[in-house]
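Quick notes on the structure that follows.
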Amino acid sequence: MGLEWVVHNLLTHPRRLPLVSASILSADFARLGEECRGALDAGADLLHLDVMDGHFAPNLTMGPDLCQAVRAAVPEAFLDVHLMVTEPNRYVEPFVRAGADHLTFHVEAVRGRDAVALAGSIRGAGASAGIALNPATRAQDVLEIVEHFEMVLVMSVVPGFSGQTFMGEVLDKVREIRASLRADQRLEMDGGIDGASGRRCVEAGCDVLASASAIFGRAAHERSGVIEEIRGPSKSGNVAGS
Ligand code: DX5
Ligand code: ZN
């Protein structure tokens, strides 16, 4: 396979940090294309797609067809797909074909050597690979394989629904993971992110902030302000891996 995608990948070669990934789980699904376009115009760097299968997480959300519809509506967008499913290997090809740029799966679903192999399959299909941990999962479970991933995603809520409260206790795990990452690897926080919690995450070492209800729960004209609050004050010289 060619690795041309690597130099164009917004996660490994970000224009700025932190990146804000607008999670469309809280968007108005009846107007999804417009909502995606609006979030990007308001300054979101990535769109975050939460895929749940009713097994790994107690909700059913979006599949490859929806991803394809988003890709068609916003052809230039970077699609950050978060697989909260028990068998992520079944969905790599369908989501990459549907336009996903990046796929994150959970270490609670696939671990160890199997997780490393799956990361290889994701890259082979043409996307970058991320590994996620639930709030109760220890950092060690990803640290032993972290070199094989372009991103680590730390959950600051239990997977399932948007609009939950940020769990600050996961920040210790963020600090531990950040200490083991290369400059070209990203660390995403997901769950309960607004301006205040986003700032704590960036201080602890996160450089990608996924947020649903704080962005889409606000009126369209307020979203650029919210996204800039989440991004926080920009620091010079913080663009790594570019
Ligand atoms: C939770 C999802 C999150 C969710 C975040 O299971 O993985 O991406 O959309 O929603 P907020 O930002 O509202 O907590
Ligand atoms: Zn998510």
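Of all residues in region 80-100, those that are buried (at least 24 other Cβ atoms within 10 Å of the Cβ) and touching a Lys or Arg at 6+ places or on another chain (Cβ under 9 Å) total 1.
Which one of these is more than 13 Å from ligand 2 (Cβ to nearest atom) and touching a residue at least 60 places away in the same chain (Cβ under 8 Å): 28, 50, 65? Exactly one residue qualifies, and that residue is 28.
For residue 22, are the conditions met, namely being under 29 Å from residue 205 (Cβ atoms), within 15 Å of ligand 1 (Cβ to nearest atom) and assigned to a loop (DSSP other than H, G, I, E, B)? For residue 22, the condition - under 29 Å from residue 205 (Cβ atoms), within 15 Å of ligand 1 (Cβ to nearest atom) and assigned to a loop (DSSP other than H, G, I, E, B) - is not met. Condition first: surrounded by fewer than 23 Cβ atoms within 10 Å (Cβ to Cβ), more than 16 Å from ligand 1 (Cβ to nearest atom) and in a loop (DSSP other than H, G, I, E, B). Now tell me which residues in region 128-149 satisfy that. Listed by number, the residues that qualify are 138, 139, 144, 145.
Give the residue, chosen from 61, 12, that is over 17 Å from residue 102 (Cα atoms), buried (at least 19 other Cβ atoms within 10 Å of the Cβ) and β-branched (Val, Ile, Thr). Reasoning before the result, please.
Values: 12 fails: over 17 Å from residue 102 (Cα atoms).
The conditions single out 61.
Given the criteria within 22 Å of residue 157 (Cα to Cα) and out of contact with any helix residue (DSSP H, G or I) (no Cβ under 7 Å at 6 or more places or on another chain), does residue 76 qualify? When the stated conditions are applied, residue 76 does not pass them.
To keep it simple, each residue is scored yes or no on (1) touching a Ser or Thr at 6+ places or on another chain (Cβ under 9 Å); (2) at pLDDT 95 or above; (3) assigned to a helix (DSSP H, G or I).
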site: 39; (1), (2), (3): no, yes, yes
site: 52; (1), (2), (3): yes, yes, no
site: 57; (1), (2), (3): no, yes, no
site: 67; (1), (2), (3): no, yes, yes
site: 72; (1), (2), (3): no, yes, yes
site: 83; (1), (2), (3): yes, yes, no
site: 89; (1), (2), (3): yes, yes, yes
site: 92; (1), (2), (3): yes, yes, yes
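Note on region 101-115: residues that are surrounded by 18 or more Cβ atoms within 10 Å (Cβ to Cβ) and either modelled with pLDDT under 95 or of a type outside the set (D, E, K, R) (or both) total 9. The single residue among 211, 156 that is over 19 Å from residue 105 (Cβ atoms) and touching a strand residue (DSSP E or B) at 6+ places or on another chain (Cβ under 8 Å) turns out to be 211. Among the residues of region 156-199 satisfying the criterion of being among the hydroxyl-bearing types (Ser, Thr, Tyr) and in contact with a Gly (Cβ under 8 Å, 6 or more places away or on another chain), which is surrounded by the most Cβ atoms within 10 Å (Cβ to Cβ)? Selected residue: 156.
Suppose the filter is within 15 Å of ligand 1 (Cβ to nearest atom), surrounded by fewer than 22 Cβ atoms within 10 Å (Cβ to Cβ) and under 14 Å from the mean Cα position of the chain (by Cα); does residue 208 pass it? It is false that residue 208 is within 15 Å of ligand 1 (Cβ to nearest atom), surrounded by fewer than 22 Cβ atoms within 10 Å (Cβ to Cβ) and under 14 Å from the mean Cα position of the chain (by Cα). Residue 182 meets each of the listed conditions (1) within 15 Å of ligand 1 (Cβ to nearest atom); (2) part of a loop (DSSP other than H, G, I, E, B); (3) out of contact with any strand residue (DSSP E or B) (no Cβ under 6 Å at 6 or more places or on another chain) apart from (1).
The values are calculated or read from the model by the stated rules, or taken from the named source; none is laboratory data. Not measured: the values here are computed from a predicted model. Heads up, the Cβs are rebuilt from the backbone with ideal geometry, glycines too, and the neighbour counts pull from every protein chain shown.
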